[in-house]
1. For Val164, which of the numbered conditions (1) closer than 30 Å to Ser35 by Cα; (2) open to solvent by 20 Å² or more (accessible area, probe 1.4 Å) fails to hold?
2. For the condition of a type in the set (Ser, Thr, Tyr), modelled with pLDDT of 95 or more and open to solvent by 10 Å² or more (accessible area, probe 1.4 Å), what is the one hit in Ser172, Ser197?
3. If we keep just the residues of segment 200-221 that are out of contact with any strand residue (DSSP E or B) (no Cβ under 6 Å at 6 or more places or on another chain) and more than 11 Å from Ser172 (Cβ to Cβ), which is surrounded by the most Cβ atoms within 10 Å (Cβ to Cβ)?
4. Hey, any hits in segment 241-256 for a residue that's touching a residue at least 40 places away in the same chain (Cβ under 8 Å), in a helix (DSSP H, G or I), in contact with a Phe, Trp or Tyr (Cβ under 7 Å, 6 or more places away or on another chain) and not aromatic (Phe, Trp, Tyr)?
5. Return yes when Gly321 is surrounded by fewer than 24 Cβ atoms within 10 Å (Cβ to Cβ) and over 22 Å from Ser288 (Cβ atoms) and no when it is not.
6. So Leu29 fits all but one of (1) more than 30 Å from Leu155 (Cβ to Cβ); (2) open to solvent by 40 Å² or more (accessible area, probe 1.4 Å); what number is the exception?
7. Please work out which one of (1) of a type outside the set (A, V, I, L, M, F, W, C); (2) at pLDDT 95 or above; (3) assigned to a loop (DSSP other than H, G, I, E, B); (4) open to solvent by 30 Å² or more (accessible area, probe 1.4 Å) is the condition Gly261 fails and give its number.
8. Of all residues in segment 374-390 being within 12 Å of Val300 (Cα to Cα) and not aliphatic (A, V, I, L, M), which is least open to solvent (accessible area, probe 1.4 Å)?
Amino acid sequence: MISREPTIERLAIANKLLLQPFGLTEDDLGRALSSIARHKIDDADLYFQYTRSEGWSLEEGIVKTGSFSIDQGVGVRAVAGEKTAFAYSDEISAASLADAARTVRSIGSAAQSGRVKLPGRRRVAASRALYGGVDPIATLDSTAKVSLLETVERLARVKDPRIVQVMAGLASEYDVVLIARQDGTRAADVRPLVRLSVTVIAEQDGRREMGSSGGGGRFGLTCFDDMLLRRYVDEAVGAALTNLESRPAPAGEMTVVLGPGWPGVLLHEAVGHGLEGDFNRKGSSAFSGRIGQRVAAKGVTVLDDGTIAGRRGSLNVDDEGHVSQRNVLIEDGILKGYLQDAMNARLMRVRPTGNGRRESYAHIPMPRMTNTYMLGGNADPREIVASIKKGLYATNFGGGQVDITSGKFVFSASEAFWVENGRIQYPVKGATIVGSGPESLKKIALIGNDMALDPGVGTCGKEGQSVPVGVGQPTLRIDGLTVGGTA
């Protein structure tokens, strides 16, 4: 059997789903782009998308909901300077494409009118092969999906008699995109995405506490084998039982140690957003104009890497047709660069970094993170915890808020412990961590050798758009953070 190169195969799948059923050809795409270019513009693209998604949820031992949806459409964009004109339609046809093209070409002023010759040759964009084109919805039948959720319920119930409620959700998505750019570039991606979430409630002496776990990535549902299900259940039950023993969190300025993996969400919010190109081009980020300067303690290296195989935040190509990259943002404490989409890269006179992302065909692209993490250091994680005289050891986080301009953040710890003289004393509840992203980077005193990525649960919101992302970090000791507690 002869197989095609992955990039060509993805283009063929996208053509089959997004062009052929609607009688569209390459000539139709070319005509739409030519129509946009009748006025002077800097860039234009067509973004076709087909998404099939399914979700199942279990509560009180019963699979209560099941959903299935299909969405498809096309977004048409023109860019002139800093101005963007955008139109979209959930009808894919030559007529709707032509209407959208006529709408967005008005961004070119009359004074700028004049034909722009489009490249005659079509160029297939460079791409990666980070995940297969599997349709995850089809990797298990409905009976098996229900059985999977029932297994989670059973494992949690038998784990500890104090577990009084179990909630589990299973989501899968098959996403196909096709990008046609004004410069002749053609790109496509076939993106599987799955996620399993587990939440339990434990009760003891009239007190109830919750614990959660789960994971996912760009693969099929068969990855959720019995071993992985047990791990998720153990983590969720363990968190709930730990919280049953929690005491009010102390407050004040203190040493804080963050655990590896998911606590990297603090890095994502407090630092990552501030390194996105649009905020820095406009001068609204605390990191604006600081490339080449020290912005973090020595040893701190932060990357955004969209090239990690199978990860939730990874992409073969971004939503503008640029190949995903491994971008070093901060190296040994020195700011090296920002995350860029096409427009901000052009205006800042740098190259795109493969971070042009959008929620769907109905949204414009903007610079967004993929998998953002800090590299590990040399310290033993146990020794980092042992170095705390009095402080907080936070191993899991809930929600938070960040001000991009100032870099100030507030985060709630969903699982944390009070430490004295290097020994964990007891779990605490209600701890919030308050600080400044840029200042916190400078206060990092110890970096563990246990760098880990999150299990595959992250979703990032920006300007009303949500996209899947990954985070990660090693165990970190940060001195002089403010903890808002309940004590």
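1. (1)
2. Working: Ser172 fails: open to solvent by 10 Å² or more (accessible area, probe 1.4 Å).
Exactly one of Ser172, Ser197 is of a type in the set (Ser, Thr, Tyr), modelled with pLDDT of 95 or more and open to solvent by 10 Å² or more (accessible area, probe 1.4 Å), namely Ser197.
3. Of all residues in segment 200-221, those out of contact with any strand residue (DSSP E or B) (no Cβ under 6 Å at 6 or more places or on another chain) come to 204-207, 215, 217, 219-220.
Still in the running and more than 11 Å from Ser172 (Cβ to Cβ): 204-207, 215, 217.
Working: Gln204: 15, Asp205: 6, Gly206: 5, Arg207: 11, Gly215: 20, Gly217: 25.
By that ranking, first place goes to Gly217.
4. Within segment 241-256, the first condition is being touching a residue at least 40 places away in the same chain (Cβ under 8 Å), and the residues that meet it are 241-256.
Adding the requirement that they be in a helix (DSSP H, G or I) leaves 241-244.
Now narrow it down to the ones that are in contact with a Phe, Trp or Tyr (Cβ under 7 Å, 6 or more places away or on another chain): none.
No: segment 241-256 contains no residue that is touching a residue at least 40 places away in the same chain (Cβ under 8 Å), in a helix (DSSP H, G or I), in contact with a Phe, Trp or Tyr (Cβ under 7 Å, 6 or more places away or on another chain) and not aromatic (Phe, Trp, Tyr).
5. Working: surrounded by fewer than 24 Cβ atoms within 10 Å (Cβ to Cβ): no; over 22 Å from Ser288 (Cβ atoms): yes.
Criteria not met by Gly321.
6. (2)
7. (4) is the only condition that Gly261 fails.
8. Residues of segment 374-390 that are within 12 Å of Val300 (Cα to Cα), as a first pass: 374-378.
Next, from what is left, pick out any that are not aliphatic (A, V, I, L, M): 376-378.
Values: Gly376: 40, Gly377: 24, Asn378: 152 Å².
Among them, the one singled out is Gly377.
The values are calculated or read from the model by the stated rules, or taken from the named source; none is laboratory data. Worth saying up front: this structure is predicted, and the values here are computed from it rather than measured. Here the Cβ is made from the backbone with ideal geometry for all residues, glycine too, and neighbour counts use every protein chain on show. Accessible surface is based on the protein model in full, side chains and every heavy atom, while ligands, DNA and RNA are left aside. Shrake-Rupley method; radii C 1.70, N 1.55, O 1.52, S 1.80 Å.
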